[in-house]
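The next block holds one structure in the form of structure tokens; read it before the comments.
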Amino acid sequence: MLDIAIVGKGPAGWSCAMTARMRGLQAVVIAPQNDNGLLRSAERIDNYPGMPQASGNAILDAFREQALAMGAQERSGLVRQIMPMGESFMLLVENDVLEAKAVVLAMGAARPVLLPGEEEQLGRGVSYCATCDGMFYRGKRIAVLSASQQGVEETRFLAGLASEVDYYSLKRHQTDGLEENVKVMAEKPVSIGRDDAGLILMTDQAVHGYDGIFVFRAAMPLNMLMAELETEGSYIPVDRQMRTNIPGVFAAGDCTGKPLQVPKAVGEGNVAALSAAAWIAGRDNAG
Ligand SMILES: Cc1cc2nc3c(=O)[nH]c(=O)nc-3n(C[C@H](O)[C@H](O)[C@H](O)COP(=O)(O)OP(=O)(O)OC[C@H]3O[C@@H](n4cnc5c(N)ncnc54)[C@H](O)[C@@H]3O)c2cc1C
């Protein structure tokens with residue numbers, strides 16, 4: 001079992017990992033494979049002490065390098081769900097399961113907007129995981145809805161199973177090099193539903209029937225990530241120790257609310273690590 005699972009490879013996540021390592025704790029930092037974290041798009045940051053006029057990329061690379069050199073571990077994958085298990089937490093990371101004593105949520109402020117009907121059809125033909133569910137669609141007709149390049153990679157796997165794949169971009173990205181049985185659609189998905197014949201996707205131009213619909217985005221809605229987590233709008237309320245309403249779950253950085261700033265994210269990551277360390281020590285002593 002891991003000590004601390006940190007969700008997010010931004011400033012809050014890396015800072016948390018460094019302090020966790022200083023406390024001798026095992027820290028695993030998790031984010032999707034093609035993680036382009038918000039800060040990567042910042043050309044110049046002037047308010048991070050000690051790194052004048054550094055680009056967002058340079059800051060993130062330096063944080064990552066420092067954390068890994070201190071022994072933090074890195075893991076690729078979108079965290080889909082976190083389940084409290086009494087003494088620990090199970091994290092569903094793509095199609096793998098991790099167990100940790102404490103969790104730090106450092107997912108930034110980006111929140112995906114689901115299509116109408118998507119949540120209702122989840123597990124009834126709508127899936128977020130090609131590896132977990134792809135096998136059910138051998139020889140069938142499926143759609144992929146993707147917000148990023150990750151969808152292209154997942155589609156290469158799905159195209160080897162399904163007979164036909166229609167590929168819809170939710171946000172603009174490169175879709176070159178897809179297999180012959182994949183059709184890149186110019187239509188915009190509007191909603192997902194069901195009729196007598198099965199699953200349907202409504203677009204701005206037509207209604208299409210599919211056996212399955214795979215959706216790939218770079219983040220999860222908070223209520224789907226952790227059902228019991230208290231939220232305020234799109235933010236996670238915390239106290240000064242970065243505690244959420246769930247014992248053993250802490251949050252840091254942009255996901256806790258404004259100001260959305262690098263120095264604030266780094267400071268909160270530090271506090272979350274110290275609080276998680278205290279939580280783990282209490283838990284281990286009680287056991
Ligand atoms: C163009 C631009 C310019 C900016 N300029 C400045 C500036 O000058 N000064 C300043 O202080 N701030 C600036 N900011 C804000 C700064 O980027 C953020 O405040 C900071 O990145 C927040 O850090 P964070 O760690 O909380 O979240 P983020 O940096 O957003 O990182 C979140 C991480 O969580 C991951 N993630 C999300 N959901 C999941 C999931 N379900 N599973 C796994 N991983 C997940 C993401 O992939 C990412 O790795 C700027 C932002 C932008 C976009």
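A short reminder: the numbers here are calculations on the coordinates, not readings from a lab. Predicted model, so just to flag it, every value in this text is computed and none were measured. Neighbour counts run over all protein chains shown; Cβ positions are idealised from the backbone, glycine included.
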If each residue's Cβ is checked for other Cβ atoms within 10 Å, how do S76, S127, S55 rank with the fewest at the top? S76, S55, S127
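Give me Rg over Rh for the chain, both radii from the alpha carbons and Rh done the Kirkwood way, two decimal places.
Taking Rh as the inverse mean 1/r over Cα pairs, Rg/Rh reads 1.00.
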Where does the charge balance sit around M85 when Lys and Arg score +1, Asp and Glu -1, over other residues with C-beta under 11 Å from its C-beta? -1
Is there a quick way to get the dipole size of the chain? I mean about its Cα centre, with the Cβ of Lys and Arg at +1 and of Asp and Glu at -1; what is the value in debye to the nearest 20? 620
Which Cys in the chain stand alone, with every other cysteine's Cβ at 4.7 Å or more from theirs? C16, C255
Given the options R240, R75, R156, which has the most mean-square fluctuation in a GNM of the chain, springs set between C-alpha atoms less than 10 angstrom apart? R240
Expected output is a single nm value to one decimal: the length gained when fully extending between M224 and V184, i.e. 0.36 nm times separation in residues minus the C-alpha distance. What is it? 11.5 nm
Determine the sum of side-chain charges near E164: Lys and Arg each +1, Asp and Glu each -1, restricted to other residues whose C-beta is under 11 angstrom from that of E164. -1
With +1 on each Lys and Arg Cβ and -1 on each Asp and Glu Cβ, and nothing else charged, work out how big the dipole of the stretch 118-216 is about its Cα centre, in Debye to the nearest 20. 100
Put in order of increasing Cβ neighbours within 10 Å, starting from the fewest, E120, E154 give E120, E154
Work out from phi, with θ = phi - 60° and the Karplus expression 6.51 cos²θ - 1.76 cosθ + 1.60, the ³J(HN,Hα) of each residue of the stretch 102-118, listed in order in whole Hz, and give x for Gly and Pro. 9, 10, 10, 8, 9, 8, x, 9, 5, 10, x, 9, 6, 6, x, x, 4
Under 5 Å, built H, 5+ apart or other chain: amide partners of L260: none
Kindly work out what percent of the DSSP beta bridges joining two residues of the stretch 118-216 are antiparallel, to the nearest 5. 35
By count of other Cβ within 10 Å, fewest leading, how are F89, F63 ordered? F89, F63
Would you please give the residues with an amide H less than 5 Å from that of Q81, counting only those at least 5 places away or on a separate chain, with H modeled from the backbone geometry? L92
What 222 nm value per residue comes from the helices of the chain, counting each DSSP H run with n ≥ 4 as -39,500 (n - 2.57) and dividing by all residues, nearest 500 deg cm²/dmol? -7500 deg cm²/dmol
Highest first, please rank the peptides 133-146, 222-235, 93-106 by the mean number of other Cβ atoms sitting within 10 Å of their residues. 93-106, 133-146, 222-235
Net charge, K258 excluded, C-beta distance under 13 Å - Lys, Arg +1, Asp, Glu -1: -2
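In the chain, how many lysine pairs have Cα atoms under 17 Å apart, counting only pairs 8 or more places apart or on different chains?
Close lysine pairs found across the chain: 4.
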